[in-house]
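Here the structure is laid out as structure tokens; the discussion comes afterwards.
The values are calculated or read from the model by the stated rules, or taken from the named source; none is laboratory data. Source: prediction; values computed, not measured. Because the Cβ atoms are built from the backbone with ideal geometry, glycine has one as well, and the counts that use them run over all protein chains shown. Protein only, heavy atoms only, side chains kept; ligands, DNA and RNA dropped before computing areas. Shrake-Rupley method; radii C 1.70, N 1.55, O 1.52, S 1.80 Å.
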Amino acid sequence: MGEEITYLELSEGDSGSHKFYEVIIKDTEVSIRYGRIGDKGQQQTKTYPNAAKAQAEAQKKIAEKQRKGYAPAVMGARQKRQVTQRAVTSTASTSRHYAPTLWKFASSSAAFGIFISDDGCWLGNQKGQVYKLSPEGEVINHFQLPEGVKCIVADDIWIYVGCDDGNVYDLTGKLPHVAYTVDANIDIYWLDIYDGMLAISDANGAVVKLEPSQQSEWTRLSQGKSGWMVRADHQGIYHGHSSGVTMYDLADGRQIWHQPTEGSVLFGWQEGTSVYAGTSDKKLHRFSKTGTPEQIYRCDASVYSCATSPNGNYVFAGDNSSSLYCFNQQGERLWKLGTGCGSALSMQFLGEKLYIVTTDGSLACIDASESAITAAQAGNLPDTRQLKSLATSAAPAAVSTNNNLETTTDATNGVIVECLIEGNDLRMKVISEGYHTDWFVQFPRNIREAGARYWVEGVKESARGGFYRAYGQIKRLL
């Protein structure tokens, strides 16, 4: 028997929804594919007792979408909506001396994504390339994501990458998995994740809270336009935009406080009891998490990025003139040095080293110890190891799908989860003994298939309780 295909789209211009919904009926089987126009999207398949039941359920779903404004369309006629990429400029540093760079890894495009730990160094660039390097700068792994990387964030043991395609990828396994799919009408600028809760700032100045279940809890429109800063903790979400910094209550989205800034906020950081906001008017602001202005750190150009040492004892900033700054907690500038590799778009400090990713696509490791900085200010620099991605290295790992998901018949040494249909959604539940059977599992959405069982390396209870989070390797259980 042939297939019956219904293809619908909902497109509301550049600032609205831009989504498709496809229903394929084949005898007793109904497949539904949905997502952003121009993307492959996600697919769900369900088998019904008979063809009449399959037809009835399919028509019901089509009617629901049409009531929401979806209309019949020709696939491919409408092009994928363009996403907003940050327009950055970089000029040569005005500093007479350069930072003491120990090693520098050159990727092929401007990079915003960075995460540093004792385990390694992550870089993500605007070509969608993600590299994991050793603390010495050697390539450990290489992923190719579908579109450019907005940012890289860590949440407990998980590493997440937010991309221009609206997906947030989990990199804790062998292959990247789609952990969250952000609605097409949200043009991501930056994101943060706290205990599985996703906070998003977008091009229109809105901030969105999204739970692991993918149900949007709330959306708030800020007092400004665009928002490059979003940070989250157990108390709330801190949103930096063109009119300042606003804190919202995590549970219900109430505005707790707002502090204006003269320049637009271009980057944000949090440490302990404070949040930091770098602005276009050459300032880095520190606010307490209760909203009190605490300190202003003055730079010589617009602040593109910032970070601190533990407890905020030292505060670092990068400007759009390829310079780096270090201040003490009281706001005194201790030094200013050139990067030698463009402007720092993101940064992180760990173990007396400052790591930056830059406009020329570099990930640079800078010795920020007092002795190294003193030597650099006198013009004495270490020999910088120049590292590049080798064309002869193994091909980058692709995003996981049902087609490339590893299979197994061995259910030992892991946790077994099952995909169930609940309403219009596919939900994951643990079926291994010793777990809450009524809790759902945060699990990659692009590999879910109704009735399928999966072996996962492990699940971990959320810090807030009430659901599990899958981590590590995932295999389809046969």
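Packing here is the average count of other Cβ atoms within 10 Å per residue, and on that basis the peptides 57-69, 301-313, highest first, run 301-313, 57-69. As a calculated quantity, the FRET efficiency between residue 138 and residue 411 at R0 = 30 Å, using C-beta atoms, amounts to about 0.25.
Using the charge dipole of the chain (Lys, Arg: +1 at Cβ; Asp, Glu: -1 at Cβ; taken about the Cα centre), state which of 384, 74, 31 has its Cα farthest towards the positive end. Among 384, 74, 31, the one farthest towards the positive end of the dipole of the chain is 74. Of all the accessible heavy-atom surface of the chain, with the other protein chains kept in place and a 1.4 Å probe, what percent is carbon and sulfur? Roughly 47 percent, rounded to a whole number. Solvent-accessible surface of protein heavy atoms, probed at 1.4 angstrom with all chains present, puts 238, 471 in the order 471, 238, largest first. Taking every protein chain into account, the 1.4 Å probe leaves residue 332 with about 110 Å² of accessible area, to the nearest ten. Near residue 5: Cβ cut-off under 15 Å, other residues only, Lys/Arg at +1 and Asp/Glu at -1. The net charge is -2.
Between residue 183 and residue 450, the distance separating the two model label sites (each 7 Å from Cα on the Cα→Cβ line) works out to 2.4 nm. Taken per residue, the accessible surface of the chain reaches 42 Å², heavy atoms only and a 1.4 Å probe.
By average Cβ neighbour count within 10 Å, what is the ranking of 274-281, 89-96 from highest down?
On the way: 274-281: 23.1, 89-96: 15.1.
By packing density, highest mean first, the sequence is 274-281, 89-96.
Enter the per residue convex hull volume of the stretch 210-337, computed from alpha-carbon coordinates, in Å³ rounded to the nearest integer. Mind dumping the intermediate values first?
Numbers: hull volume 13.4 nm³, N = 128.
Cα-based convex hull of the stretch 210-337, divided per residue, equals 105 Å³.
Axis angle, to the nearest 10 degrees, between helix 51-67 and the longest C-alpha principal axis of the chain: 40 degrees. Overall, the stretch 223-359 carries a charge dipole of about 140 debye about its Cα centre when +1 sits on the Cβ of Lys and Arg and -1 on the Cβ of Asp and Glu, all other atoms neutral.
I'd like the per residue volume of the convex hull spanned by the Cα atoms of the chain, given in cubic angstrom. The partial results should precede the final answer.
Working: hull volume 75.4 nm³, N = 478.
Cα-based convex hull of the chain, divided per residue, equals 158 Å³.
Under the convention that each Lys and Arg Cβ holds +1 and each Asp and Glu Cβ holds -1, the size of the dipole of the chain around its Cα centre is about 800 debye.
Considering only C-alpha atoms, what is the centroid distance from the stretch 251-293 to the stretch 145-215, in Å? Cα centroid of the stretch 251-293 versus Cα centroid of the stretch 145-215: 21 Å apart. Accessible surface for residue 234 stands near 130 Å², nearest 10, in the context of the full protein assembly shown (1.4 Å probe). When the chain is described by a simple charge dipole with +1 on each Lys and Arg Cβ and -1 on each Asp and Glu Cβ, the residue from 95, 232, 356 located farthest towards its positive end is 95. If one computes the Cα centroid of the stretch 439-467 and of the stretch 337-383, what distance in Å separates the two points? That distance is 40 Å.
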